[in-house]
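Trainee: After the structure tokens below, expect a handful of questions from me.
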Amino acid sequence: MFGTLKQAGNYLGQSLRLMVGLPEYDTYLAHMERTHPDERPMTYEEFFRERQEARYGGSRASCC
């Protein structure tokens, strides 16, 4: 029962962070370690910048 509650809490927290636009750097690092161990992961600053550009577009002049 507690495992299910913990998992639900984790999913809820992740969903809330994604809704407000906070990137999941720890999840990214775990993914890189698991699936691309020979590649250098981005620094937090690189990761944050890449996520912002992916979400808002790097050089768009207008918002819509």
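Trainee: With labels modelled as points extended 7 Å from the Cα through the Cβ direction, what inter-label distance (nm, one decimal) is found for residue 4 paired with residue 50?
Mentor: The modelled label-to-label distance comes out at 3.7 nm.
Trainee: If ligands, DNA and RNA are left out, what is the accessible area of residue 24 with a 1.4 Å probe, given in Å² to the nearest 10?
Mentor: 40 Å²
Trainee: Please get the size of the charge dipole for segment 1-41, origin at its Cα centre, with Cβ charges of +1 on Lys and Arg and -1 on Asp and Glu, quoted in debye to the nearest 20.
Mentor: Using only the charged Cβ atoms, the result is roughly 200 debye.
Trainee: Between residue 15 and residue 39, what is the spin-label point distance in nm, taking each point 7 Å from the Cα along the Cα→C-beta axis?
Mentor: Placing both labels 7 Å beyond Cα along the Cβ direction yields 2.9 nm.
The values are calculated or read from the model by the stated rules, or taken from the named source; none is laboratory data. Being a predicted model, the structure only gives us computed values, none of them experimental. Positions of Cβ are generated from backbone atoms using ideal geometry, with glycine treated the same way; all protein chains shown enter the neighbour counts. The accessibility values were calculated without ligands, DNA or RNA, using every heavy atom of the protein model including side chains. Shrake-Rupley method; radii C 1.70, N 1.55, O 1.52, S 1.80 Å.
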